[in-house]
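A.B. asks: Quick one: the structure is below, questions incoming.
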Amino acid sequence: MIKNRFKYILAYLSIILVTFYIASCSELDPNIPPPPTVSVHPEGIDSIGSPNWHGNLVKNYNWNLVVCTDCHGPDYSGGLVNESCLTCHVLPTGPENCTTCHGSLSSNAPPKDLEGNTSTSEPGVGAHQNHLRLNKIGEPVLCSECHNVPGGLYTPGHIDTALPAEVIFNGPVGLTVTNEPNTSQYDPTLPLYEPDPTFDYTELTCSNTYCHGYFKNGNIDNEPVWNNPSTSQCGSCHGNGDNPLPRVLSQGGTHPSNDDCYICHSEVVDDRLNIIDPLKHIDGLLNLFGNDINY
């Protein structure tokens, strides 16, 4: 009796297995739709004009690109997602290149600034290029003369500090001391002019720096506005700010009352007050009758 029952059970299971086998070998339905594409990013992540552009994402993370390297790899070549950032970011160090966040292909300094602004009236742009590349009246100013330039994206003091960027006067020209007792043009009736440069982050003004007037016979109260070129015209640094003539005796200075600058400074300026050799102007020295001297 038991043997017969076991035979029935075995036969029943065999029928079920054969049925599944036949069903599994049957032809598949070709109309099954493919699975949807899944993205961790919203639409527009690669479109500059989109609010979802990845540049905005990085900005929201305070430009810490770890948010990118977690998926795209430490060298940005694709990583886990096999999607390289280096297709677009072709400059050295890829997305960590200075110009990714500020500057352009021709300069690391703005424009553009961190907000994408390009107008010189914007505080983030201002007179950067007038100092660095477009300086027609003096020697170009290096970034390191006003900033502690980082060695890389994650250098302490770079992206780990609050905006705006720190202005730290490191340049030797801006700190030039004049009317020292050991100079040939020393005048004991005048004080020692020792610059103590300061940048006012609210007013956007630069003061007490040799470059803009803090020197012997200069306009020591001059405070040019970073994003207003009209405040740094010829005559704003030396003299009283109204003309190019440095301070004369009646103004508390020692300069002769002669505004024909080219007579004594012919290697620097012509008879129309055009600077003919920018490298001899705002360089910490006085070019007098062809000689560069400390004064």
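A.B. asks: Determine the order of VAL248, VAL177 by accessible area, beginning with the largest, at a probe radius of 1.4 Å.
C.D. replies: On the way: VAL248 15, VAL177 45 Å².
Final ranking, largest accessible area leading: VAL177, VAL248.
A.B. asks: Rank these by accessible area, largest first, 1.4 Å probe: VAL40, VAL268. Display every interim value, and only then the final one.
C.D. replies: Numbers: VAL40 130, VAL268 10 Å².
Greatest to least solvent exposure: VAL40, VAL268.
A.B. asks: How much accessible area does ASP196 have with a 1.4 Å probe, in Å² rounded to the nearest 10?
C.D. replies: In the full protein context, ASP196 sits at about 100 Å².
A.B. asks: List the aspartates and glutamates whose alpha-carbon lies under 20 Å from that of LYS59, not counting same-chain residues fewer than 8 positions away?
C.D. replies: Within the straight-line cut-off, LYS59 pairs with GLU43, ASP46, ASP70, ASP75, GLU96, ASP113, GLU115, GLU122, ASP160, GLU166.
A.B. asks: Continuing with the same structure: If you count only protein heavy atoms and use a 1.4 Å probe, how large is the accessible surface of PHE289, to the nearest 10 Å²?
C.D. replies: 140 Å²
A.B. asks: Over segment 193-256, one equal point on each Cα, no solvent: what is log10 I(q)/I(0) by the Debye formula at q = 0.17, 0.25 Å⁻¹?
C.D. replies: Result of the Debye calculation: -0.53, -0.99.
A.B. asks: Along each of the three principal axes of the Cα atoms of segment 149-255, give the extent in whole Å, ordering the values from largest to smallest.
C.D. replies: On the principal axes, segment 149-255 reaches 52, 33, 17 Å in Cα extent.
A.B. asks: What are the ³J(HN,Hα) couplings of segment 139-147, residue after residue, when phi is run through the Karplus curve with 6.51, -1.76, 1.60 and θ = phi - 60°? Round to Hz, x for glycine and proline.
C.D. replies: Result, rounded to whole Hz: 5, x, 9, 7, 4, 5, 7, 10, 9.
A.B. asks: Note the angle between two axes, namely the Cα long axis of helix 2-24 and the longest principal axis of the Cα atoms of the chain, as a number of degrees from 0 to 90, rounded to the nearest 10.
C.D. replies: It works out to around 40 degrees.
A.B. asks: Oh, and also: For LEU288, which sequence-distant residues (separation of 5 or more, or a different chain) have an amide H within less than 5 Å of its own amide H, given hydrogens modelled in the peptide plane?
C.D. replies: ILE293
A.B. asks: What do you get for GluC sites (Glu not before Pro) in segment 134-207 restricted to DSSP loop and a cutoff of at most 15 other Cβ within 10 Å of the site's Cβ? Don't jump to the answer; show the numbers that get you there.
C.D. replies: Values: sites: GLU145, GLU166, GLU203; in loops: GLU166, GLU203.
For GluC sites (Glu not before Pro) across segment 134-207 that sit outside H, G, I, E and B with at most 15 neighbouring Cβ atoms in 10 Å, the list reads GLU166, GLU203.
A.B. asks: Right, something else. How large is ³J(HN,Hα), in whole Hz, for each residue of segment 58-67 in order, when computed from phi with the Karplus curve 6.51 cos²θ - 1.76 cosθ + 1.60 and θ = phi - 60°, using x for Gly and Pro?
C.D. replies: 5, 4, 5, 9, 6, 6, 8, 7, 4, 4
A.B. asks: For segment 248-253, what does the Karplus curve 6.51 cos²θ - 1.76 cosθ + 1.60, with θ = phi - 60°, yield as ³J(HN,Hα) per residue in whole Hz, taken in order and with x for Gly and Pro?
C.D. replies: 9, 4, 5, 9, x, x
A.B. asks: In addition: Would you report the distance distribution of C-alpha pairs in the chain as whole percents per 10 angstrom bin, up to the bin with the largest distance?
C.D. replies: Over the chain, the share of Cα pairs per 10 Å bin runs 5, 20, 21, 14, 11, 8, 5, 3, 3, 3, 3, 2, 1, 0 percent.
A.B. asks: Using a 1.4 angstrom probe on the protein heavy atoms only, line up LYS136, LYS216 by accessible area, largest first.
C.D. replies: Values: LYS136 160, LYS216 15 Å².
Largest accessible area first, the list is LYS136, LYS216.
A.B. asks: Additional query: Over the Cα atoms of segment 223-263, each weighted equally, I'd like the Debye log10 I(q)/I(0) at q = 0.22 Å⁻¹, rounded to two decimals.
C.D. replies: Per q value, in the given order, log10 I(q)/I(0) is -0.70.
The values are calculated or read from the model by the stated rules, or taken from the named source; none is laboratory data. Everything numeric here is computed off the predicted structure, so don't read it as measured data. Virtual Cβ from ideal backbone geometry, glycine too; neighbours counted across all protein chains shown. With ligands, DNA and RNA removed, areas are computed over all heavy atoms of the protein, side chains included. Shrake-Rupley method; radii C 1.70, N 1.55, O 1.52, S 1.80 Å.
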